[in-house]
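Down below is the structure, laid out as structure tokens.
Where a number appears in this text, it was derived from the coordinates with a stated rule and is not lab data. Values in this document were obtained by computation on a predicted structure and should not be read as measured data. Cβ atoms come from the backbone with ideal geometry, glycine included; neighbour counts cover every protein chain shown.
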Amino acid sequence: MCVPTQVELVMTCLSKSSKQQHGAALMLLVFIIAIVMTTYLVKSFNNEAMKAERKQQDARNLASAKDALMAWAVSNELHPGQFPYPDRLETTTPIYDGRGDCGGNPISNFSLLLGQLPIYGSDGCVSPVEGLGIDAGDGYGNRLWYAVSPNLVHIYSPSVDPVINPETMNSATWLEVRDRNGALVSNRVAAVIIAPGEAIGNQSRSNTATVDNFLDGFQIGANTYSNSDFDDIDEDFIIGDALEHVDDNDPTYT
């Protein structure tokens, strides 16, 4: 019978101990990998859930804003069908104060027809001055933006206010809306409401930022469109997804 020597016993113990340590290290590595994977999956799930919630909030608030605008226009006893002017940057103190800003003739200056949704009503230049009764933003906390057809606001020279009239409605020029492929959705749009969404690049979302810090441009084939300007009576606006839902390699946004 072979009886192990003292040295052989020590080597056997060392060998078993080394194997046990190796096994423990492997189990620890597997445990760490499991934690990392779990953390990644939880974060991914939370990010997707947050994106979905933002998208739902955008849809809810855009629908509420549309209803508020239509109700304001239809209930206008003095000038049925008239829409409020947008809230633009003030000239003296350049901020958005929540009130629709009149001034000037929109037929010669279409930039008067693009700004933030006027939640507190008019600055007093048109009647009525009541607000929309809604203060809705997008999923990132930005105020909603708003563009209106020149057919539906007070025109200063000559002094004209819109009236709901099918005869004049058919001959009027309206805003145009296109999808992100450039296809025309409608060329008879009274107003457009936009959720700015996530800031792109160096965009600033402060209360003193210009319109191009909130609204984006789109490259569709050889044509470049911009939601941040209003330089034509039948201005084109593009329906685009929020940046978080767009692939990083998508060339559409500019």
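Could you work out how far apart the two model spin labels at residue 223 and residue 203 are, taking each label as a point 7 Å from the Cα in the direction of the beta carbon, and quote it in nm?
Taking the simple label geometry, residue 223 and residue 203 are separated by 2.2 nm.
Enumerate the amide H contacts of residue 237 below 5 Å, restricted to partners 5 or more residues apart or on another chain; note that Pro and chain-start residues carry no placed amide H.
Here the answer is 176, 177, 178, since their amide H atoms fall under 5 Å of that of residue 237.
If you plug each phi of the stretch 220-235 into the Karplus form 6.51 cos²θ - 1.76 cosθ + 1.60 with θ = phi - 60°, what whole-Hz ³J(HN,Hα) values come out, in order, with x for Gly and Pro?
Karplus-based 3J(HN,Hα) across the stretch 220-235 equals 10, x, 8, 9, 10, 10, 9, 7, 9, 10, 8, 10, 8, 5, 10, 3 Hz.
Can you tell me how much longer the chain between residue 186 and residue 93 gets when fully stretched, taken as 0.36 nm per residue apart minus their C-alpha distance, in nm with one decimal?
Residue separation times 0.36 nm, minus the Cα-Cα distance, leaves 29.8 nm.
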